[in-house]
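Just so you know, all these numbers are worked out from the coordinates, no wet-lab data involved. Because the structure is predicted, anything quoted here is derived from the model rather than measured. Backbone-built Cβ (ideal geometry, glycine too); neighbour counts: all protein chains shown.
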Amino acid sequence: MKWTRRELLRAGGGAAAGLALPHFETGCARGRPQPRLLASGISLPKPFEVALPIIPVLKPVSADATTDFYELDARPAKLEIVPGLSTGIWGYNGIFPGPTIEARHGRRVAVHLRNQLPVPIVTHLHGGHTAPESDGYPTDLVLPASYTPSHMHDPRARRTQEQRDYLYLNDQRAATLWYHDHRMDFTAPQVWRGLAGFYIIRDDEEAQLPLPRGDKEIALLICDRSFQADGSFLYPSLDPSLRERPGVTGEYMGGVLGDVILVNGAPWPKLEVANTRYRFRILNASNARRYELALDPSPSGGAPFVQIGSDGGLLAAPIRQRTIKMAPAERFDLIVDFSKYRLGSTVTLLNKASSGATGQIMRFQVTREERDPSAIPPQLSRLSFPNASDVVATRDFKFAFRDMDRGWLINGKSYDPVRMDAQPKLDSTEIWRLETDFNHPLHLHLVHFQVLSHSGRPGPYDAGWKDTVDLGPGQTANILVRFGGHRGRYVFHCHNLEHEDMAMMGNFEVV
Ligand code: C2O
Ligand code: CU
Ligand code: CU
């Protein structure tokens with residue numbers, strides 16, 4: 001069966017005749033569907049029982065003078081995520097989160113990806129300054145051995161069978177990146193099943209700083225999931241085989257929220273810490289859930305978090321933050337100083353954006369005393385943003401819901417790989433004026449940008465180099481972007497993955 005996007009959205013939106021779909025209690029009548037909680041069929045695991053998993057770092061299979069070579073197999077696996085239950089995942093090397101790739105500035109990383117899943121995949125390095133052929137364009141499918149989808153309508157797609165090589169140049173500053181699936185129309189369910197992992201770039205500038213390191217530097221991938229009674233992941237796909245027909249049942253068109261919070265793949269985990277500073281590289285890898293991080297109790301004398309970095313690496317100077325609001329795909333590099341707590345204290349990482357079980361994330365127990373050689377320097381890095389006087393073009397993009405038939409649009413249009421929405425010149429600087437009707441975390445591939453204004457001044461979480469900016473209902477943001485590095489075709493999109501799959505994506509081509 002061949003589905004056009006309009007038919008798909010119509011089926012997904014529930015307006016098609018002959019489809020038994022639930023009626024909408026979601027506010028579609030009021031205009032646009034909200035992200036909606038998907039209730040698990042299990043009794044939720046008790047929080048703070050499971051130890052925080054530390055994500056393994058992937059070892060290169062070989063190296064030469066310029067490049068480290070890695071192998072990643074996307075394959076099905078069974079994991080015990082909820083104690084006593086077995087969950088089938090789709091994971092890079094069979095784990096979830098996928099293994100962390102650690103790269104050095106100036107040394108290239110080559111990833112040989114093999115697809116052992118029953119569906120096409122595409123891997124994108126989020127935050128990478130990557131040449132177009134390795135960026136993971138949504139139609140650059142790595143097809144499985146067994147199956148070729150019927151609807152592929154992009155003459156420029158670079159499809160391969162079973163495997164593909166990605167080359168990452170790492171000619172960019174130290175930063176916390178992540179890699180994840182990016183298959184057109186199916187990103188949300190494929191990431192939900194486990195296709196996401198960290199990619200950390202290190203450089204000398206950062207290595208010279210006295211920041212917490214070693215076991216005091218921990219990457220935390222936070223996401224929400226729901227589970228069926230048998231332990232498998234629950235997701236409201238119209239076609240759970242994820243082969244031909246994309247989309248979710250209409251009431252989840254605004255985004256899918258899980259009722260179990262996972263950190264590094266474990267539900268509400270706990271971590272024993274020393275009474276020292278820790279550096280947490282935090283990624284919101286959720287499809288649609290936004291968090292507001294807080295510590296309970298809040299330490300006496302000052303803000304609980306010192307933010308040292310954002311999507312694109314270190315800030316110029318640390319920023320003290322009481323809470324951290326995080327939209328999907330954003331990264332925050334945070335220092336927490338556990339010396340502010342008495343030995344034996346229990347400290348809970350809360351999510352103030354929610355209540356009940358999803359209002360909690362994980363727990364720290366301050367169990368041991370250690371000398372702390374770390375410090376937070378008042379100057380972290382020198383950031384050289386493009387000059388506003390170099391701007392050669394200004395573009396306007398409006399991100400808004402249309403209706404249950406047409407879904408989420410940019411300037412009134414659905415994503416179409418064939419249409420080009422902007423053609424910035426190589427090495428030119430532009431201002432993009434972004435406007436939203438609703439919460440949309442907006443992301444550009446290839447570049448990092450500076451948020452010049454965010455419904456007024458830059459927001460409290462806009463500092464540094466960003467690749468994703470979180471806009472609320474009716475907000476506008478001006479971002480300053482330099483399109484350096486590579487010519488070619490890239491996407492920009494909302495990183496609420498259900499919005500992305502339901503067409504809130506556009507193309508730009510650097511010419
Ligand atoms: Cu994190 Cu286009 O993606
Ligand atoms: Cu990206
Ligand atoms: Cu959105």
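Annotations for the structure displayed:
- Electrostatic dipole magnitude of the stretch 325-483 [Cβ: Lys, Arg +1; Asp, Glu -1; Cα centre; debye, to 20]: 260
- Global size of the stretch 62-207: 15.6, 49 Å for Rg and Dmax (C-alpha atoms, Rg to one decimal, Dmax whole).
- Among 120, 410, 82 the positive-end extreme of the charge dipole of the chain (Cβ point charges): 410
- Where only alpha carbons of the stretch 383-510 are counted, the Rg and the Dmax (Å): 13.9, 44
- Here the spin labels are modelled as points 7 Å beyond Cα on the Cα-Cβ line, and at residue 159 and residue 369 they lie 6.6 nm apart.
- Shown is the FRET efficiency for residue 102 and residue 339, computed with R0 = 30 Å from the Cβ-Cβ distance and rounded to the nearest 0.05: 0.60.
- Of all DSSP beta bridges in the chain, antiparallel share, percent nearest 5: 70
- Backbone geometry of the stretch 36-44 corresponds, through the Karplus equation with coefficients 6.51, -1.76 and 1.60 at θ = phi - 60°, to 3J(HN,Hα) couplings of 9, 6, 9, 7, 5, x, 10, 7, 5 Hz, x marking Gly and Pro.
- Extending 7 Å from Cα along the Cβ direction at residue 217 and again at residue 395 yields two label points whose distance is 3.5 nm.
- Kirkwood-Stokes translational diffusion coefficient of the stretch 259-370, alpha-carbon pairs, 4 °C, 1.567 mPa s, µm²/s: 90
- Straight-line cross-link reach from residue 413 at under 17 Å between alpha-carbon atoms covers these lysines, not counting any fewer than eight positions away in the same chain: 398.
- Given +1 at the Cβ of Lys and Arg, -1 at the Cβ of Asp and Glu and no other charges, the dipole of the stretch 274-319 around its Cα centre is 120 debye to the nearest 20.
- Cut-off 16 Å, label 7 Å out along Cα→Cβ of residue 244, residues of the stretch 81-120 by amide N: 119-120
- Amide H contacts of residue 407 (H built 1.01 Å from N, under 5 Å, at least 5 apart or other chain): 402
- Charges were assigned to the Cβ only: +1 to each Lys and Arg, -1 to each Asp and Glu. The resulting dipole of the stretch 63-199 about its Cα centre is roughly 100 debye.
- Think of the stretch 205-311 as having a plus end and a minus end, set by charges on the Cβ of Lys, Arg, Asp and Glu; of 250, 295, 234, 295 sits farthest toward the positive end of this dipole.
- Ordering of 435-442, 300-307, 87-94, 501-508 by packing [mean C-beta count within 10 Å, highest first]: 501-508, 435-442, 87-94, 300-307
- A Förster radius of 30 Å combined with the Cβ-Cβ distance from residue 416 to residue 387 puts the calculated FRET efficiency at roughly 0.30.
- Once the chain from residue 433 to residue 402 is taken as fully extended at 0.36 nm per residue, the excess over their C-alpha distance is 9.2 nm.
- Between residue 64 and residue 316, the simple spin-label model (points 7 angstrom out along Cα→Cβ) gives 4.2 nm.
- Cα gyration tensor of the stretch 209-252 - equivalent ellipsoid semi-axes, whole Å, descending: 38, 14, 10
- Debye log10 I(q)/I(0) at q = 0.13 Å⁻¹ for the chain, Cα point scatterers: -1.35
- Residue (of 45, 510, 147) at the positive-pole extreme of the chain, dipole from beta-carbon charges: 45
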